[in-house]
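Colleague: Please see the structure below; I have some questions.
The values are calculated or read from the model by the stated rules, or taken from the named source; none is laboratory data. Keep in mind the model is a prediction, meaning the values are calculated, not measured. Here the Cβ is made from the backbone with ideal geometry for all residues, glycine too, and neighbour counts use every protein chain on show.
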Amino acid sequence: MKIAFVGKGGSGKTTLSSLFIRHLAASQVPVVAVDADINQHLGPALGLGEDEAAALPALGAHLPQIKEYLRGANPRIASAETMIKTTPPGPGSRLLRLTGDEDNPVYAACAHPVALDAGTVRLMVTGPFNESDLGVACYHSKVGAVELCLNHLVDGRDEYLVVDMTAGSDSFASGMFTRFDLTFLVAEPTRKGVAVYRQYRDYARDYGVELAVIGNKVQGADDLAFLRAEVGDDLLVTVGHSDWVRAMEKGRPPRFEQLEDVNRRALRAMHERADAAYERRDWQRYTQQMALFHRKNAESWGNSKTGADLAAQIDPGFVLDESLLGTVPTAAREESLSARPA
Ligand SMILES: Nc1ncnc2c1ncn2[C@@H]1O[C@H](COP(=O)(O)OP(=O)(O)OP(=O)(O)O)[C@@H](O)[C@H]1O
Ligand SMILES: [Mg+2]
């Protein structure tokens, strides 16, 4: 299943996504972690050194190969150049999975194994943004690589993709914010923190996006009462100041089982909430929203940029779901097919 962490800058998105990833790894379930935030900090939060994190292969830098791979033999997509971030899969496209697909070229190029105390997760990063990226095509294309992968991903229960995102307007311009079974909105008990929540909630409501608020840096009854009043039933759990997190920030991470009990309970509640959200997944709606955002992007810039009618890339009869896994070629299947004697 797919889970996003969003929230105001500095609210604790990276901290809480990294704790959730560690919790999932400790629960022995497969995890792919994706850093799609402007500030690329997920690697260090998972214990990588700054140099190691900076050297991670970036999705943004591999966009042409990713497009070429995912396009596969889809006759509606004439070339990788006409593939934009919202181009949906169709018959002939290659799909991604979270498990059993580790050797495909997208993961081989961009998924980096990170060993945690309790297991190994795979980390993918969009790549660092710099000043000149912001607000221009380069920035969109970096996050766009994640959107493209999400739209070609067929994931199941008990396997997790966790994305550390920004709450910025970019995720609303594209369809990114509709791509998750559950979105955790991290909010500090401040006016700015809940303002971001309200903005997100309003978009989320229009598209049936499931949202749960994690109160962070909550100290005492007054903070809790403020969040309850502002967020109501969307408030799932709160997290206080964590000495474990502070020790990690100092470069001395204790073993994960030493995380404070109250925070471990919060992580378990988040895990249960995510599993419950998965049960409500609707592939049909998921595929329709892909088409909707693709049409929007095609009309507003894609058609003129590529010189093609991008809406024609949508196969109206296609629904992304698990039943496709046997029929759409993955790298492994293709190899076994081509290895077969004629
Ligand atoms: N519960 C917590 N206990 C202790 N420190 C925390 C906690 N939550 C966040 N922090 C600290 O607050 C700072 C900001 O957190 P973090 O980097 O996770 O926020 P962010 O939302 O990802 O920020 P950005 O928008 O810059 O990506 C970090 O130094 C982090 O260690
Ligand atoms: Mg962050």
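Colleague: Criterion first (in contact with a helix residue (DSSP H, G or I) (Cβ under 6 Å, 6 or more places away or on another chain), surrounded by 14 or more Cβ atoms within 10 Å (Cβ to Cβ) and within 30 Å of D155 (Cα to Cα)) does L292 satisfy it?
Modeller: So L292 fails the test.
Colleague: Which ones in the stretch 81-101 are within 14 Å of G302 (Cβ to Cβ) and in contact with a Lys or Arg (Cβ under 7 Å, 6 or more places away or on another chain)?
Modeller: Answer for the stretch 81-101, where residues must be within 14 Å of G302 (Cβ to Cβ) and in contact with a Lys or Arg (Cβ under 7 Å, 6 or more places away or on another chain): just M83.
Colleague: Please indicate, with yes or no, whether at least one residue in the stretch 8-28 is at pLDDT below 95, part of a loop (DSSP other than H, G, I, E, B), within 16 Å of ligand 2 (Cβ to nearest atom) and out of contact with any helix residue (DSSP H, G or I) (no Cβ under 8 Å at 6 or more places or on another chain).
Modeller: The answer is yes, given that some residue of the stretch 8-28 is at pLDDT below 95, part of a loop (DSSP other than H, G, I, E, B), within 16 Å of ligand 2 (Cβ to nearest atom) and out of contact with any helix residue (DSSP H, G or I) (no Cβ under 8 Å at 6 or more places or on another chain).
Colleague: Let me ask another. Just name the residue that is modelled with the highest pLDDT out of those in the stretch 158-175 that are within 16 Å of ligand 2 (Cβ to nearest atom) and more than 8 Å from the chain's Cα centre (by Cα).
Modeller: Restricting attention to the stretch 158-175, the residues satisfying the condition of being within 16 Å of ligand 2 (Cβ to nearest atom) are 162-168, 170-171.
From what is left, the residues that are more than 8 Å from the chain's Cα centre (by Cα) are 166-168, 170-171.
Numbers: T166: 82, A167: 73, G168: 68, D170: 65, S171: 69.
Per the criteria, the residue is T166.
Colleague: In the stretch 226-241, is there at least one residue being part of a helix (DSSP H, G or I), within 16 Å of ligand 1 (Cβ to nearest atom), surrounded by 16 or more Cβ atoms within 10 Å (Cβ to Cβ) and touching a residue at least 24 places away in the same chain (Cβ under 8 Å)?
Modeller: yes
Colleague: Can we say E257 is of a type outside the set (F, W, Y), more than 17 Å from K2 (Cβ to Cβ) and exposed (fewer than 12 other Cβ atoms within 10 Å of the Cβ)? It would help to see each step written out before you state the result.
Modeller: Numbers: of a type outside the set (F, W, Y): yes; more than 17 Å from K2 (Cβ to Cβ): yes; exposed (fewer than 12 other Cβ atoms within 10 Å of the Cβ): yes.
Yes, satisfied.
Colleague: Taking H271 as meeting all but one of (1) closer than 25 Å to G47 by Cα; (2) more than 19 Å from the chain's Cα centre (by Cα), write down the number of the exception.
Modeller: (2)
Colleague: Mind checking which residues of the stretch 31-60 are more than 8 Å from ligand 1 (Cβ to nearest atom) and of a type in the set (G, A, S)?
Modeller: Of everything in the stretch 31-60, those that are more than 8 Å from ligand 1 (Cβ to nearest atom) and of a type in the set (G, A, S) turn out to be A33, A36, G43, G47, G49, A53, A54, A55, A58, G60.
Colleague: Please work out if V218 is part of a strand (DSSP E or B), of a type outside the set (D, E) and within 16 Å of ligand 1 (Cβ to nearest atom).
Modeller: Numbers: part of a strand (DSSP E or B): no; of a type outside the set (D, E): yes; within 16 Å of ligand 1 (Cβ to nearest atom): yes.
It is false that V218 is part of a strand (DSSP E or B), of a type outside the set (D, E) and within 16 Å of ligand 1 (Cβ to nearest atom).
Colleague: Can you spot a residue in the stretch 261-280 that is within 16 Å of ligand 2 (Cβ to nearest atom) and under 30 Å from G49 (Cβ atoms)?
Modeller: Of all residues in the stretch 261-280, those within 16 Å of ligand 2 (Cβ to nearest atom) come to none.
No, that holds for no residue.
Colleague: Quick check on my filter: what residues within the stretch 157-215 are among the aliphatic types (A, V, I, L, M), within 14 Å of ligand 1 (Cβ to nearest atom) and either assigned to a helix (DSSP H, G or I) or free of Cβ contacts under 8 Å to residues at least 12 places away in the same chain (or both)?
Modeller: Scanning the stretch 157-215 gives a single hit, V196.
Colleague: Filter the stretch 206-218 down to the residues that are at pLDDT 95 or above and of a type outside the set (A, V, I, L, M), then identify the one that is surrounded by the fewest Cβ atoms within 10 Å (Cβ to Cβ).
Modeller: Ranking the qualifying residues of the stretch 206-218, first place goes to E210.
Colleague: Any residue at all in the stretch 73-90 that is assigned to a helix (DSSP H, G or I), without any contact (Cβ under 8 Å) to a residue 40 or more places away in the chain, more than 16 Å from ligand 2 (Cβ to nearest atom) and out of contact with any His (no Cβ under 9 Å at 6 or more places or on another chain)?
Modeller: Yes, there is a match, as at least one residue in the stretch 73-90 is assigned to a helix (DSSP H, G or I), without any contact (Cβ under 8 Å) to a residue 40 or more places away in the chain, more than 16 Å from ligand 2 (Cβ to nearest atom) and out of contact with any His (no Cβ under 9 Å at 6 or more places or on another chain).
Colleague: Still on this structure: Looking only at the stretch 240-248, decide whether some residue is of a type outside the set (V, I, T), more than 16 Å from ligand 2 (Cβ to nearest atom) and over 26 Å from the mean Cα position of the chain (by Cα).
Modeller: Yes, the stretch 240-248 contains a residue that is of a type outside the set (V, I, T), more than 16 Å from ligand 2 (Cβ to nearest atom) and over 26 Å from the mean Cα position of the chain (by Cα).
Colleague: If you don't mind, there's one more thing I want to ask. Under the condition of being more than 8 Å from ligand 1 (Cβ to nearest atom) and buried (at least 24 other Cβ atoms within 10 Å of the Cβ), which residue from the stretch 18-30 is nearest to A204 (Cα to Cα)?
Modeller: Going through the qualifying residues, I end up with F20.
Colleague: Pick out the one residue from A54, A45, A33 that is more than 26 Å from Y286 (Cβ to Cβ), surrounded by 21 or more Cβ atoms within 10 Å (Cβ to Cβ) and within 16 Å of ligand 2 (Cβ to nearest atom).
Modeller: A45
Colleague: Pull out all pairs, ordered by first then second residue, where Cβ-Cβ is under 9 Å, the residues are six or more apart or on different chains, the first lies in the stretch 308-323 and is assigned to a loop (DSSP other than H, G, I, E, B), and the second is among the acidic types (D, E) and surrounded by 12 or more Cβ atoms within 10 Å (Cβ to Cβ).
Modeller: From the stretch 308-323, the pairs are A308/E81.
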